[in-house]
Amino acid sequence: MIMTGTLSVADQLAIRDVISRYAWALDTGDVDGFVACFCSDGVLLWDAFETPDRWQGHAALRHFACFFRDLPSSAGRQHHVTNTLVSASGAGASAKSYVAVALRQEEGPHLLNVMGYYEDRFRHEEGEWRIAERVIRDWSGPVLRNFAGQSGARVARPRPMPLQGALHVPGAR
């Protein structure tokens with residue numbers, strides 16, 4: 001396990017594998033596979049809308065994955081995750097990756113639905129690397145602060161109609 005500032009090649013590959021398994025599970029409706037990518041108290045924070053959405057723990061994450069599996073427009077969706085940087089972080093690891101989500105549209109052309117990035121924290125649980133926290137962000141705001149004309153202020157977008165209220169777990173915040 002990591003206790004210093006470096007990760008073994010095996011650890012880096014295992015972490016990248018979790019990142020890939022998350023996308024494959026979500027895009028193929030594999031709810032159990034999706035939930036297995038997270039620590040038991042794992043957090044998914046979608047910080048793109050006016051109010052960020054948060055799911056914590058396997059029950060809430062299962063609700064998230066079931067919602068997308070059962071949403072007809074999700075069939076044909078693909079997450080493309082690239083340019084992943086993995087580093088040691090405390091007693092675990094962190095990563096950041098570009099993410100683009102394409103939606104298959106009948107005969108095409110297919111739509112680019114999301115253009116953003118993940119900020120992840122990982123830790124060992126039951127002998128495996130798992131996501132302790134994933135933050136989903138749009139490619140806007142602070143990440144672009146070094147460019148002319150960009151303030152670096154967080155830019156929130158309106159929540160799409162299919163997501164309004166439907167993703168929330170009753171009793172969760």
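Annotations for the structure displayed:
- Estimated vicinal HN-Hα couplings, Hz - segment 41-46 in sequence order (Karplus 6.51, -1.76, 1.60; Gly, Pro = x): 10, x, 10, 10, 10, 9
- Over all orientations, segment 1-75 has a Cα convex hull whose mean projected area works out to 6.4 square nanometres.
- Summary of packing: across the peptides 35-43, 67-75, the per-residue average of other C-beta atoms within 10 Å ranks them, highest first, as 35-43, 67-75.
- Each Lys and Arg contributes +1 and each Asp and Glu -1, all at the Cβ; summed about the Cα centre of segment 9-163, the dipole is approximately 440 debye.
- Residue (of VAL114, ALA148, VAL101) at the positive-pole extreme of segment 9-163, dipole from beta-carbon charges: ALA148
- Euclidean distance between Cα centres, segment 40-55 to segment 62-133, Å: 13
- For THR28, neighbours were defined as the other residues whose beta-carbon sits under 10 Å from its Cβ, and their charges (Lys and Arg +1, Asp and Glu -1) total 0.
- Proximal charge balance of TRP139 [Cβ under 14 Å; K/R count +1, D/E count -1]: +2
- Summarising the amide proton neighbourhood of ALA48: residues at separation of 5 or more, or on other chains, whose placed amide H is nearer than 5 Å comprise ASP53.
- Table column - 3J(HN,Hα) (Hz), segment 113-119, Karplus curve with 6.51, -1.76, 1.60, x for Gly and Pro: 8, 9, 9, x, 7, 9, 10
- Segment 9-163: relative contact order in percent, alpha carbon pairs under 8 Å with at least 6 residues between: 22
- Global form of segment 32-161, assessed from the alpha-carbon gyration tensor, a/c cut-off 1.5: oblate
Every read-out reported here was derived from the displayed coordinates using simple, explicitly stated rules and does not represent laboratory data. For clarity, every value in this text was computed on a predicted model and none was experimentally measured. Quick reminder, even Gly has a Cβ in these numbers, built from the backbone with ideal geometry, and neighbours come from all protein chains shown.
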